[in-house]
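*Asks:* Encoded as structure tokens, here's the structure I'll be asking about.
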Amino acid sequence: MRAKYFYRILFVTLCLVICFSSAAYASDRVKWYSYEEGKALAKIERKKVFLHFYADWCGFCLKMAKETFRDSAVVSYLNENFIAIRVDFDKETATAEKYGVTGLPSNWFLTEMGQPIGSIPGYIAPDALLSLLREVNEINVGG
């Protein structure tokens, strides 16, 4: 009887540990959406969009992935205040063409309705992106 009780407690404890560690892990990463899903969600949640074009072969894209998009302040602010969309330049050429993307990385800020607010080409360091996100989030634009 004691062993059965012990194993139940152990099982519940392990489940809780796994659950909380998964939630903690998920919150330290940017929640990326596909282009179509993100644009639709931005309208529903009434959030601006951070649109990031990248390619696997792009050195500065990899640097942003390893440094900027792993910075806890950037991740937290981006996940709470924006819909983050990540577009593979090589696989989603029509979307890249729509925004006139010719160099990578390319970073765009859009209204909740998908209208461009502005773009910043190239690598953006974590502190610089956080400042930009805060400034863009304060812009009051209609649609």
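The values are calculated or read from the model by the stated rules, or taken from the named source; none is laboratory data. Since this is a predicted model, take the numbers as computed values, not measurements. We place every Cβ from the backbone using ideal geometry, glycine too, and count neighbours over all the protein chains shown. Heavy atoms of the whole protein, side chains included, go into the accessibility calculation; ligands, DNA and RNA do not. Shrake-Rupley method; radii C 1.70, N 1.55, O 1.52, S 1.80 Å.
*Asks:* Name the residues in the range 111-143 that are loosely packed, with under 12 Cβ neighbours inside 10 Å and of a type in the set (A, V, I, L, M, F, W, C), would you?
*Replies:* 139 - this is the single residue of the range 111-143 that is loosely packed, with under 12 Cβ neighbours inside 10 Å and of a type in the set (A, V, I, L, M, F, W, C).
*Asks:* Which one is farthest from residue 34 (Cα to Cα), of the residues in the range 76-103 that are among the aliphatic types (A, V, I, L, M) and touching a strand residue (DSSP E or B) at 6+ places or on another chain (Cβ under 8 Å)?
*Replies:* Filtering first and then ranking leaves 101.
*Asks:* While we're on this one: Of all residues in the range 60-74, which are farther than 13 Å from residue 31 by Cα and outside any loop (DSSP other than H, G, I, E, B)?
*Replies:* Correct list: 60, 61, 62, 63, 64, 66, 68, 73.
Per-residue answers, yes or no, for (1) under 23 Å from residue 57 (Cα atoms); (2) modelled with pLDDT under 95; (3) outside any helix (DSSP H, G or I); (4) over 14 Å from the mean Cα position of the chain (by Cα):
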residue	(1), (2), (3), (4)
76	no, no, no, no
83	no, no, yes, no
86	yes, no, yes, no
90	yes, no, yes, yes
96	yes, no, no, yes
103	yes, no, yes, yes
109	no, no, yes, no
112	no, no, yes, yes
118	no, no, yes, yes
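*Asks:* Limited to the range 66-105, what total is found for residues that are open to solvent by 10 Å² or more (accessible area, probe 1.4 Å) and in contact with a His (Cβ under 9 Å, 6 or more places away or on another chain)?
*Replies:* Number of matching residues: 2.
*Asks:* Restricting attention to the range 1-59, report how many residues are at pLDDT below 95 and either among the basic types (Lys, Arg) or part of a helix (DSSP H, G or I) (or both).
*Replies:* Qualifying residue count for the region: 26.
*Asks:* Ok, one more. Starting from the range 119-143, keep only residues that are over 19 Å from residue 99 (Cα atoms), then list their pairs with residues that are open to solvent by less than 60 Å² (accessible area, probe 1.4 Å) and of a type in the set (A, V, I, L, M, F, W, C) whose Cβ atoms are within a distance under 6 Å, requiring at least 6 positions of separation or different chains.
*Replies:* Hits for this filter: 126/74; 129/74; 130/73; 130/74.
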